[in-house]
Amino acid sequence: MTDLTPEREEPRSPPKCFSCGYELTGLRVEDRCPECGSLVWDNNRFIPGYGFAVTSLVLGILSICSCIFYGIPSLPLGILGVIFSQGSSLKYKKYVHADGAYSVATAGKVCSWIGIVIGILGITTTIVIFMNS
Ligand SMILES: [Zn+2]
């Protein structure tokens, strides 16, 4: 007979120090590894996808700033920012201590969405002005 019980969700692997492998359960981002003294936050940099989170934040900020160009670059930059943020935050779910990196990805997502709204408003306004001139 086949087993009909749904597959259990994989348990979160305990967060480990990337320098020495010490378990970092219960520590906060600003704490240091009790074994080797490296910052827990520094360990975030080695989490796969941290670059994605930073890229997403940069794209989000750029998309907001590019509203000076009638918001036209804001839309593609914002969309890219959301995609990068989405990709990185999915990877962070495995790491309990990745709060800091997770906030970077969230900040990137928020900025990117603001950029998308600015882009849509800017492009709509540009089209309306163009049609009426
Ligand atoms: Zn350590």
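The values are calculated or read from the model by the stated rules, or taken from the named source; none is laboratory data. Remember, predicted model here, so these are calculated numbers, not experimental data. Note that each Cβ is placed from the backbone with ideal geometry, even for glycine, and that neighbours are counted across all protein chains shown.
Which of the following residues is touching a helix residue (DSSP H, G or I) at 6+ places or on another chain (Cβ under 6 Å) and surrounded by fewer than 18 Cβ atoms within 10 Å (Cβ to Cβ): Tyr50, Tyr70?
Result: Tyr70 is the single residue among Tyr50, Tyr70 that is touching a helix residue (DSSP H, G or I) at 6+ places or on another chain (Cβ under 6 Å) and surrounded by fewer than 18 Cβ atoms within 10 Å (Cβ to Cβ).
Could you identify the single residue in Gly115, Gly78, Gly119, Gly108 that is modelled with pLDDT of 85 or more, away from the ligand (no atom under 16 Å from the Cβ) and within 30 Å of Tyr22 (Cβ to Cβ)?
That would be Gly108, the only listed residue that is modelled with pLDDT of 85 or more, away from the ligand (no atom under 16 Å from the Cβ) and within 30 Å of Tyr22 (Cβ to Cβ).
If you scan region 4-20, which residues turn out to be under 20 Å from the mean Cα position of the chain (by Cα) and either modelled with pLDDT under 65 or of a type in the set (S, T, N, Q) (or both)?
Once the filter is applied, which keeps residues that are under 20 Å from the mean Cα position of the chain (by Cα) and either modelled with pLDDT under 65 or of a type in the set (S, T, N, Q) (or both), region 4-20 yields only Arg12.
The rows are residues; the columns are (1) within 16 Å of the ligand (Cβ to nearest atom); (2) of a type in the set (D, E, K, R); (3) modelled with pLDDT under 80; (4) under 25 Å from Ile114 (Cβ atoms).
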{"residue": "Tyr22", "(1), (2), (3), (4)": "yes, no, no, no"}
{"residue": "Glu30", "(1), (2), (3), (4)": "yes, yes, yes, no"}
{"residue": "Glu35", "(1), (2), (3), (4)": "yes, yes, no, no"}
{"residue": "Asp42", "(1), (2), (3), (4)": "yes, yes, yes, no"}
{"residue": "Tyr50", "(1), (2), (3), (4)": "no, no, yes, yes"}
{"residue": "Ala53", "(1), (2), (3), (4)": "no, no, no, yes"}
{"residue": "Leu59", "(1), (2), (3), (4)": "no, no, no, yes"}
{"residue": "Val82", "(1), (2), (3), (4)": "no, no, no, yes"}
{"residue": "Leu90", "(1), (2), (3), (4)": "no, no, yes, yes"}
